[in-house]
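Q: Mind looking over this structure? Questions follow.
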Amino acid sequence: TDPALIRNFCIIAHIDHGKSTLADRMLQLTGVVEQRQMRAQYLDRMDIERERGITIKSQAVRMPWAAGDTAHVLNMIDTPGHVDFTYEVSRSLAACEGCVLLVDAAQGIEAQTLANLYLAMENDLTIIPVLNKIDLPAAQPDKFAAELAHLIGCDPGDVLRVSAKTGEGVEALLDEVVRQVPAPVGVADAPARAMIFDSVYDAYRGVVTYVKVVDGRLGHRDRIAMMSTGATHELLEIGVNSPEMTPADGLSVGEVGYLITGVKDVRQSKVGDTVTFQRGGATEALGGYKDPKPMVFSGIYPIDGSDYPALRDALEKLQLNDAALVYEPETSAALGFGFRVGFLGLLHLEVIRERLEREFGLDLIATAPNVVYGVTMEDGVEHTVTNPSEFPVGKVADVREPVVRATLIAPSEYIGAIMELCQTRRGVMKGMDYLSEERVELRYTLPLAEIVFDFFDALKSKTRGYASLDYEPTGEQAAALVKVDILLHGDKVDAFSAIVHKDKAYAYGVKMAAKLRELIPRQQFEVPIQAAIGSRVIARETVRAIRKDVLSKCYGGDISRKRKLLEKQKEGKKRMKMVGRVEVPQEAFIAALSSD
Ligand code: GTP
């Protein structure tokens, strides 16, 4: 295809503003998906995506569109909408020349609208502002067109209005995409350079890699190299999605499509990497490749220890399709054999956990999520701590924690509540702007550790669901952090160790001790529960002793009844974990580690 006739664009929006619905409508209008094949959210292929209504992996679809008399090719690149996947979003955007900035006409601009808009601006994309859901009785298109125009600096009259549900205005939007989005430019006779913006594992075909060709041409059977690793492959298949995979001879300047090389693991075909020829290839990579960096860690253990090999296999399988998922074996005195697993963020953690339980049928305990700490000892030795129980002992000079830049948007009546919340989470306010008379944007620097634990829920409840949040990692800061240990009958329980700010250590210790006293049944002896920083005890509770004489309940000589009772007691013991001398029911771990 002549690059002049190609338009590469994406749709960016806050969650639930209707991106997938609009994409569906475009597929239908361009005839790519016939009416009877149409099912809601065609592009969201994973079950969990469909159920939760979120887009996790991005996809690209080629659609023909005649604007006036000229046949054009539109490549629509679907981007994931959630904060955890910012890097994937930014790579998808880098494959486009323009974007549709979609805003719900009943809601207005939200935090992810802004975050995505900033990413689009960084990538120099042409931005087409669009209000969606104009069919809703609650829509206020004039008001929000003004808000949007003010934000991106255009005329309110240039803000398009559509209903992705009824299809109203969507044809006009496709015409505007052709008119406003620049055609891709590249050097046709240069060695091929293509940027990977997505990489998906397929059980039958191996890894399917999505690329945009920037320069030159990639053809069937070409030998290619990945520029970040030097790994080489043969192109077994090259083609476009329209919307199903359709093989082609090759892809040239500006074209978007897929490659299959037979690799089995997405880590060999990484988002952001540049593909070129093995011989006579380009020497300079397309900018911006970054390795995905796990930000949040959690210990994941099978409830039934014999499931350990099944858990390992399941993680291996998930990693084939998720370059950001990292894990290594870990043993806990309390929980047995498991894995320390690294995630991009909390949503990523939840999705993986849910997939392990649902797709692989595993029952799991996950320890409280924690961030990665940098620790410098007085003798200059550096440690990276991904598990609180491995916090180094000895003379610590300096502890650092990751921080994020957070953007919060809410009606102005909630400013006070938000400021209070951010204050208790050790936030530092960086700025505040009114988007309109009644809506405000607040910017904060916050420790990531304070966000990963129930921040979002707290924010929603304090603002009655009206606030939205987006954040991105911005580096590290030194902080007064300490490790709090929990001891049962004098033995440290590694799964309950936590790294907390010193001002919150006492409250944490008291809360955990009280919670455990409720959860641990009485034993034959008294069980002290202590919270301690180093050797200093900061909280104490006691589970009083009981003489558990179950047999005394059976009067006289009913042997079979006695046996039944003994067996029942044995059953119960199976689900107990021994922590030192103390029997702790499995449920106690789950309940104590759950956030509330
Ligand atoms: P993510 O993929 O999770 O980011 O969400 P999304 O932006 O794709 O939103 P989605 O398309 O799933 O739409 C969210 C909800 O809004 C769904 O219930 C849609 O049916 C509804 N919706 C989308 N567009 C319209 C519209 O034009 N009018 C009305 N009334 N509802 C719409």
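The values are calculated or read from the model by the stated rules, or taken from the named source; none is laboratory data. Quick caveat: nothing in here was measured; it's all calculated off a predicted structure. Positions of Cβ are backbone-derived with ideal geometry, glycine not excepted, and every protein chain shown enters the neighbour counts. Remember, those area values only see protein heavy atoms, side chains included, never the ligands or the DNA or RNA. Shrake-Rupley method; radii C 1.70, N 1.55, O 1.52, S 1.80 Å.
Q: In whole Å, largest first, what are the principal axis extents of the Cα atoms in the chain?
A: Rounded to whole Å, the extents work out to 96, 61, 58 Å.
Q: Set Lys and Arg Cβ to +1 and Asp and Glu Cβ to -1, take the dipole of the chain about its Cα centre, and tell me which of Y301, L487, V371 lies farthest positive.
A: L487
Q: Heavy atoms only, probe 1.4 angstrom, no DNA, RNA or ligands counted: give me T445, T209 ranked by accessible area, highest first.
A: Descending order: T445, T209.
Q: Given Cβ point charges of +1 (Lys, Arg) and -1 (Asp, Glu) and nothing else, what value in debye, to the nearest 20, does the dipole of the stretch 191-285 about its Cα centre take?
A: 220 debye
Q: If you don't mind, another one. Treating the beta-carbon of each Lys and Arg as +1 and of each Asp and Glu as -1, no other charges, what is the dipole magnitude of the chain about its Cα centre, to the nearest 20 debye?
A: Computed charge dipole of the chain: roughly 2980 debye.
Q: Highest first, please rank the peptides 211-224, 500-513 by the mean number of other Cβ atoms sitting within 10 Å of their residues.
A: 211-224, 500-513
Q: A further question on this structure: Per 0.36 nm of contour for each residue apart, how much would the distance between S412 and E518 grow if the chain were fully extended, relative to their Cα-Cα spacing?
A: Full-extension gain reported as 34.0 nm.
Q: Determine the shape class of the stretch 156-205: with a ≥ b ≥ c the square roots of the Cα gyration tensor eigenvalues, call it rounded for a/c under 1.5, and otherwise prolate if a/b is greater than b/c, oblate otherwise.
A: Oblate, because a/c is 1.5 or more while a/b does not exceed b/c.
Q: Are any of the pairs K317/K577; K462/K483; K270/K317; K483/K504; K483/K511 more than 21 Å apart by Cα-Cα distance, and if so, which?
A: Checking Cα-Cα distances, K317/K577; K462/K483 exceed 21 Å.
Q: Per 0.36 nm of contour for each residue apart, how much would the distance between L5 and R358 grow if the chain were fully extended, relative to their Cα-Cα spacing?
A: 122.6 nm
Q: Using only Cα positions of the stretch 221-267, each an equal point scatterer, no hydration layer, compute I(q)/I(0) via Debye at q = 0.18, 0.20, 0.28, 0.32 Å⁻¹ and quote the log10 values to two decimals.
A: Here the Debye-derived log intensity ratios amount to -0.60, -0.73, -1.15, -1.23.
Q: Would you mind checking which residues have amide H under 5 Å from T474's amide H? H placed 1.01 Å from N; only 5 or more apart, or other chain.
A: Residues meeting the amide H criterion: V403, V404, R405.
Q: Right, another one. With a 10 Å radius around each residue's Cβ, average the other Cβ atoms per peptide and rank 105-117, 151-163, highest first.
A: The packing order, highest mean first, is 105-117, 151-163.
Q: Which value, in Å² and to the nearest 10, is the accessible area of S228 when all protein chains are kept and the probe is 1.4 Å?
A: 60 Å²
Q: With a 10 Å radius around each residue's Cβ, average the other Cβ atoms per peptide and rank 273-279, 201-207, 261-267, highest first.
A: Packing proxy ranking, top to bottom: 273-279, 261-267, 201-207.
Q: Something else about it: Can you pull the Rg over Rh of the stretch 393-445, Cα-only, Kirkwood?
A: Taking Rh as the inverse mean 1/r over Cα pairs, Rg/Rh reads 1.20.
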